[in-house]
Amino acid sequence: MVTIPFGEYLPDQPAIGNPGVLTATNTFPARNGFKPVQEFSAVSASALDARPRGAIQARDKDLNVYQYAGDAAKLYQNVAGTWTDRSKSGGYNTGTDERWEFAVWKNKVLGTNFSDSPQQITPGDAAFSDLTTAFKARHLATVRDFVVFGNTDDSTDGKVPGRVRWSAFGDETDYTVSASTLSDFNDLKASPVERIFGGEYGVVMQRNAIWRMTFTGAFAGQTPIVFQFDEVLPEVGPIAPGAAAQRGDTIYFLSDVGFMELVNGTQERPIGANKVDETVLADLDENHLERVSMVVDPKSKRMVCAYPGSGNTNGRPNKLAVYDRVLDKWSLIEEEVELIWPAGSTGLTLDDLDSISTNLDSFTQSLDNRRWTGGARTLGLFDENFQFGFFDGANNKEATITTGDVEIYGGRRAHLDAFSHLIDGGTVTAEVGTRDSLSDSVTFGASLTETASGRFTTRASGRFHRFRFTLNGAWTDAVGMQFDPADVQAGERRG
């Protein structure tokens, strides 16, 4: 038997001589081939009132899990599956292209949307309130003992897109510039701050530069030099605020040149070059960059980037590029989502299940599922109906895997009578595409079903053969395909 393995997803490489596959839709990368993606399953009994603009999961000082999300007019808390209004009095006026960003500080959740004053809430409280009225800001992070904002607007200087402004040492409410409290600001090059990530040091991202923000605590005369800003990556940055995500000391982002990995705020590595960069950037609807969202899934070690691609509805993301950080491989999910975020469950009791389902006999989720345990974060998403859930439904999504062009006989046409697949479980159909010249379009034949012996029988003739498999049902592993040389006859030479 001749085996053609399903190599990694490499849509940027040509069909001929491609060591991987051209499509791997609704799959996850695996060490050998691909794994299935389960259907979306809602976990919330209610939906947000409007399109979600941001969300966060946090623990309080007693390790209870809380989830907050925001739309244009409200901030919500997920209470036993119901999104409950926790807005300050009067609500919010989030701009059309603006988003909510959140951060955890001590025993508070902080949020900002640029249109309103930054917000704060102690988990368990009834409503958010203003953190400060000194300014508005698009971006938010916590760096060491400071709350840091970026891309600000205040009554003195107006809008300063390149400004980074931080609080007094240990005091998230004090933003008065002072040598004694260390509160201050720094204006970077004339380009908007697109995102800030925190921790022991800060990473400030502009579309055309990335800066490492390092605490110094030094003084020049009587003036404190609180943070040192070093431009570590000139001319590179995320295409939009949502097009970046952090996990530990590593940040992933989609730039104008493709997907990048940044380690320790200084070490860059392209991760999509010659693999998916050209395909994603060509497919991306640049009229709706504000809708891009990215998550590093702590459970699966995958990075997922949701973006509006071809066929999107009013800018709603409909493609999810998936990168396995361990395997260094990609795949693609097709699903309409409003937002992806690292989420789990707030933890439910058996009594709380009434808020999720009124009929436990038709309940499709196992009560052992980690979604109910609280705090176990994984890839969460809001669907087109603004409901929150996960890719953990009862069934797999329909998947498609397409090989590159296979030249069975070098320089000659080949007549293929039968072939088989190496896909464990489920229901598989196949199509064979052929062409005689690389200048020809590929023509696919009718959909084929398996015979009782597990083969697909066909009469496919051409110099180049391409195989497209559609996977449904409870399949677990897609490894490759095979054909018996006895089922292939050499055809005539052309030209």
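The values are calculated or read from the model by the stated rules, or taken from the named source; none is laboratory data. The model shown is predicted, which means the values in this text are computed figures rather than measured ones. FYI the Cβ positions are ideal-geometry reconstructions off the backbone, even for glycines, and counts take in every protein chain you see. What goes into the accessible areas is simple: the full protein's heavy atoms, side chains included, and nothing from ligands, DNA or RNA. Shrake-Rupley method; radii C 1.70, N 1.55, O 1.52, S 1.80 Å.
The table below gives the values:
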item: Percent carbon-and-sulfur accessible area, the chain, ignoring ligands, DNA and RNA, probe 1.4 Å; result: 45 percent
item: Part-to-part distance (alpha-carbon centres) for region 99-145 and region 421-495, which is given in Å; result: 55 Å
item: Heavy-atom surface of region 36-156, accessible at 1.4 Å and reported per residue (Å²); result: 36 Å²
item: DSSP bridge orientation in the chain - percent antiparallel, rounded to nearest 5; result: 95 percent
item: Region 58-65 - phi-based ³J(HN,Hα) in whole Hz, Karplus 6.51/-1.76/1.60, Gly and Pro as x; result: 9, 10, 8, 5, 9, 6, 6, 9
item: Region 78-220, relative contact order in percent, only Cα pairs under 8 angstrom and at least six apart counted; result: 15 percent
item: Diffusion constant of region 406-495 at 4 °C, which comes from Stokes-Einstein with the Kirkwood Cα-pair radius and 1.567 mPa s, µm²/s; result: 95 µm²/s
item: 1.4 Å probe accessible area per residue over region 220-328, in Å²; result: 39 Å²
item: Dimensionless Rg over Rh [region 95-181; C-alpha; Kirkwood]; result: 0.95
item: Cα-based reach from LYS301 at 23 Å (exclusive), listing lysines while leaving out same-chain residues under 8 positions away; result: LYS35, LYS275, LYS319, LYS329, LYS397
item: Cut-off under 5 Å, modelled amide H: who pairs with GLY272 long-range; result: PHE259
item: Rel. contact order, % - alpha carbon contacts under 8 angstrom, at least six apart, the chain; result: 16 percent
item: Integer Hz, Karplus 6.51/-1.76/1.60 couplings in order for region 44-54, x for Gly and Pro; result: 9, 6, 10, 10, 5, 6, 8, 4, x, 10, x
item: Under the Debye formula (equal points on every Cα, no solvent term), log10 I(q)/I(0) of region 151-249 at q = 0.10, 0.15, 0.18, 0.19 Å⁻¹; result: -0.28, -0.64, -0.91, -1.01
item: As computed over region 206-318, the Cα convex hull volume per residue (Å³); result: 123 Å³
item: Candidate lysines - alpha carbon under 20 Å from LYS136, same-chain residues fewer than 8 apart omitted; result: LYS74, LYS88, LYS108, LYS159, LYS189
item: Loop sites in region 6-99: trypsin sites (Lys or Arg not before Pro), DSSP, at most 11 other Cβ within 10 Å; result: ARG31, LYS61
item: Answer label for Kirkwood radius over Cα pairs in Å (calculated), chosen among (1) 22.8; (2) 24.7; (3) 23.6; result: (2)
item: Region 155-217: trypsin sites (Lys or Arg not before Pro) in DSSP loop, at most 11 other beta carbons within 10 Å; result: LYS189
item: Phi to ³J(HN,Hα) by Karplus 6.51 cos²θ - 1.76 cosθ + 1.60 over region 86-97, Hz, x for Gly, Pro; result: 10, 5, 5, 4, x, x, 9, 10, 4, x, 4, 9
item: Calculated Rg and Dmax of region 387-433 using C-alpha coordinates, Å; result: 16.9, 54
item: Region 146-213: relative contact order in percent, alpha carbon pairs under 8 Å with at least 6 residues between; result: 24 percent
